[in-house]
Amino acid sequence: RAHMQDRTYTADAEPGDHVKVAGWVHEIRDLGGIAFLILRDKSGKIQVKFEKDEMDEELVETGLGVHRESVVVVEGDVEEEPRAPTGVEVTPESVEVLADADPELPLDPSGKVDAELSTRLDNRTLDLRKDEVKAIFEIRAEVLRAVREQFRDFYATEINTPKIVATGTEGGTELFPITYFGKEAFMNQSPQLFKQLMVGSGLERVFEIGPIFRAEEHNTPRHLNEATSIDFESAFADHTEAMDVCEAVVKAAYEAVAENCEEELEALDLQGEFEVPEGDFPRLSYEEAIERINATGELDEQLVWGDDLPTEGEKALGDDVGSHYFITDWPSEIKPFYIKDHDDDEQLSTGFDMMHPTMELVSGGQREHRYEQLVEGFEQQGLDPESFDYYTKMFKYGMPPHAGFGLGGERLIMTMLGLGNIREAVLFPRDRQRLSP
Ligand code: ATP
Ligand code: AMO
């Protein structure tokens, strides 16, 4: 059996080495007297040469008889070969088939035949054998690493909060109900209340990267029913400081990808195009935003104070601004109860959104930390403060002023890489039609 401690990644195979390489049969090219098996592993590909008349018959039969995408281990010497795709090739001494692949594949990992997104999502294992698909998830991992590091540099503590909860926070219609030992419970829509409870704890500044669940009825290219939220919350911060952190975190993600994901960007055909956002993200007030949208003439009806921004409005404004930007000073009535109003104007909230030119990436704001006002806010939004007692009561025991935000992880990846559909940024997306795999 193959003991893989002595396995060499194909990318490390140098002329003169004796190697054991393991991976998938990418392709077999038979030219008559000579034939090649292209073996693919995580690091790349390597050519294995079979000279039919000169090599052991059984070896040739095993190496060339195996179906594409089977898993094989090849042992042999590496030699320089300018005509080989990577400049080297292996002359095999042994070929072992560890797992045979059915000749009928549901999708073609060599990418020669395009597949529908639904076929790809049904067969993610095969789909992620393609360099350009694998690259998305290598980049996603790098983005999460960079974001974590940036938060840590800001002295934030990573937390994990429950995903099974008793109450929702972001609008009642979007909750997934479940039964919890005979009681009604829900899948959490946002760590909002928990992260706020932690800024009043000794931790002061926290972040969480975790799933959020939303029973969004609509089926769009930018909504998921299970998404990854990148949440931040800090004591003794106001909304402008939360915006500073938000901007730094997004820039850190882009910088890390530009620096550490050259190969992946190449696989996605983005190497020349990929740009780290430069300069400060413009901060537009809601009022300016609706004026500018109205001025574009893209909407059939003019927006008025108090309107939510429609998708076409966001797009028109994004084209106009041409970079990431913030929208600040929203009308209080369209922001949630936990967002604080400006002290000098109750109609105006400290809530903000951070936008990519094509869509919203972030919501955030300063929070209402005063007990009386918080409870009042619940009532105004038609929520029963009693059922949020576990949350509100902590505001009676010393809750500092605080602010934070939630950044949609998949939307960050999607906009960063120009993906047409948010599902491409999730291994196993959950949408209205899709519950497995
Ligand atoms: P043999 O090599 O057994 O005499 P052949 O006539 O098929 O048989 P070549 O004439 O050397 O071999 O090559 C046939 C084709 O394969 C040519 O297009 C050549 O460029 C290509 N080829 C040969 N060897 C290699 C190699 N090691 N790597 C990549 N391509 C090769
Ligand atoms: P909000 O509801 O705006 O704010 O969510 C924050 C960000 O999360 C992403 N997002 C989604 N992504 C994909 N599919 C979905 N269904 C989905 N829903 C949300 C978006 C969005 O901008 N508690 C606040 C945050 C805060 O104030 O800290 C909240 O949840 O990118």
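The values are calculated or read from the model by the stated rules, or taken from the named source; none is laboratory data. What you are looking at is a predicted structure, and each value in this text was computed from that prediction instead of being measured. Every residue, glycine among them, receives a Cβ derived from its backbone with ideal geometry; neighbour counts consider all protein chains shown.
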> Which one of these is among the acidic types (Asp, Glu), away from ligand 1 (no atom under 16 Å from the Cβ) and within 30 Å of GLN433 (Cβ to Cβ): GLU149, GLU216?
Replying inline: GLU216
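One line per residue, one yes/no per condition, for (1) at pLDDT 95 or above; (2) under 17 Å from VAL362 (Cα atoms); (3) of a type outside the set (S, T, N, Q); (4) in contact with a strand residue (DSSP E or B) (Cβ under 7 Å, 6 or more places away or on another chain):
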| residue | (1), (2), (3), (4) |
| --- | --- |
| ILE178 | yes, no, yes, yes |
| ASN188 | yes, no, no, yes |
| MET198 | yes, no, yes, yes |
| GLY202 | yes, no, yes, no |
| ASN219 | no, no, no, yes |
| ALA227 | yes, yes, yes, yes |
| ILE230 | yes, yes, yes, yes |
| GLU233 | yes, yes, yes, yes |
> Which residue pairs have Cβ atoms closer than 7 Å, lie 6 or more positions apart in sequence or on different chains, and pair a first residue in segment 1-18 that is over 14 Å from GLN47 (Cα atoms) with a second residue that is among the small types (Gly, Ala, Ser) and at pLDDT 90 or above?
Replying inline: ALA2/ALA22; MET4/ALA22; ARG7/ALA22
> Going through segment 40-62 one residue at a time, which ones are without any contact (Cβ under 8 Å) to a residue 40 or more places away in the chain, of a type in the set (A, V, I, L, M) and either buried (at least 17 other Cβ atoms within 10 Å of the Cβ) or farther than 18 Å from ALA99 by Cα (or both)?
Replying inline: MET55, VAL60
> What single numbered condition from (1) modelled with pLDDT under 95; (2) part of a helix (DSSP H, G or I) fails to hold for GLU241?
Replying inline: (1)
> So which residues in segment 33-63 are more than 41 Å from the chain's Cα centre (by Cα), within 11 Å of ligand 1 (Cβ to nearest atom) and either β-branched (Val, Ile, Thr) or within 19 Å of ASP6 (Cβ to Cβ) (or both)?
Replying inline: ILE34
> Does segment 73-121 hold any residues that are touching a Pro at 6+ places or on another chain (Cβ under 8 Å), closer than 29 Å to PRO429 by Cβ and surrounded by fewer than 17 Cβ atoms within 10 Å (Cβ to Cβ), and which are they?
Replying inline: THR119
> If you scan segment 183-218, which residues turn out to be of a type in the set (D, E, K, R) and more than 11 Å from ligand 2 (Cβ to nearest atom)?
Replying inline: LYS183, GLU184, GLU204, ARG205
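Conditions (1) within 27 Å of the chain's Cα centre (by Cα); (2) of a type in the set (Ser, Thr, Tyr), marked per residue:
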| position | (1), (2) |
| --- | --- |
| GLU264 | yes, no |
| GLY279 | yes, no |
| GLU301 | no, no |
| THR311 | yes, yes |
>> Can you tell me which residue is farthest from ligand 1 (Cβ to nearest atom) among those in segment 184-213 that are buried (at least 17 other Cβ atoms within 10 Å of the Cβ) and acidic (Asp, Glu)?
In response: GLU204
> How do the helices (runs of 4 or more DSSP H) wholly within segment 103-156 filter down when requiring 1 or more residues that are more than 18 Å from the chain's Cα centre (by Cα) and within 21 Å of ILE230 (Cα to Cα): which remain?
Replying inline: 131-153
>> Suppose the filter is touching a Lys or Arg at 6+ places or on another chain (Cβ under 7 Å), away from ligand 1 (no atom under 16 Å from the Cβ) and among the β-branched types (Val, Ile, Thr); does VAL66 pass it?
In response: no
> Among the listed residues PHE274, PHE236, PHE281, which satisfies the condition of being among the aromatic types (Phe, Trp, Tyr) and within 16 Å of ligand 2 (Cβ to nearest atom)?
Replying inline: PHE281
> Is it true that VAL249 is of a type outside the set (Lys, Arg) and out of contact with any helix residue (DSSP H, G or I) (no Cβ under 7 Å at 6 or more places or on another chain)?
Replying inline: no
> Restricting attention to segment 344-361, does a residue exist that is more than 14 Å from ligand 2 (Cβ to nearest atom), more than 19 Å from GLY408 (Cα to Cα) and either touching a residue at least 24 places away in the same chain (Cβ under 8 Å) or surrounded by 14 or more Cβ atoms within 10 Å (Cβ to Cβ) (or both)?
Replying inline: yes
> Can GLU288 be described as touching a residue at least 40 places away in the same chain (Cβ under 8 Å) and surrounded by fewer than 16 Cβ atoms within 10 Å (Cβ to Cβ)?
Replying inline: no
>> Give me the residue from segment 201-212 that is out of contact with any helix residue (DSSP H, G or I) (no Cβ under 9 Å at 6 or more places or on another chain), in a strand (DSSP E or B) and of a type outside the set (A, V, I, L, M) and, out of that set, nearest to LEU144 (Cα to Cα).
In response: GLY210
> Would you say GLU79 is over 25 Å from LYS130 (Cα atoms), within 13 Å of ligand 1 (Cβ to nearest atom) and in contact (Cβ under 8 Å) with a residue 60 or more places away in the chain?
Replying inline: yes
> Does segment 379-397 contain any residue that is in a strand (DSSP E or B), under 18 Å from PHE194 (Cα atoms) and at pLDDT 95 or above?
Replying inline: no
> Got a sec? Which helices (runs of 4 or more DSSP H) wholly within segment 248-352 have at least 3 residues that are modelled with pLDDT of 95 or more and farther than 30 Å from LYS134 by Cα?
Replying inline: 286-296, 311-321
> Of all residues in segment 213-235, which are of a type in the set (Gly, Ala, Ser) and outside any loop (DSSP other than H, G, I, E, B)?
Replying inline: ALA227, SER229, SER234, ALA235
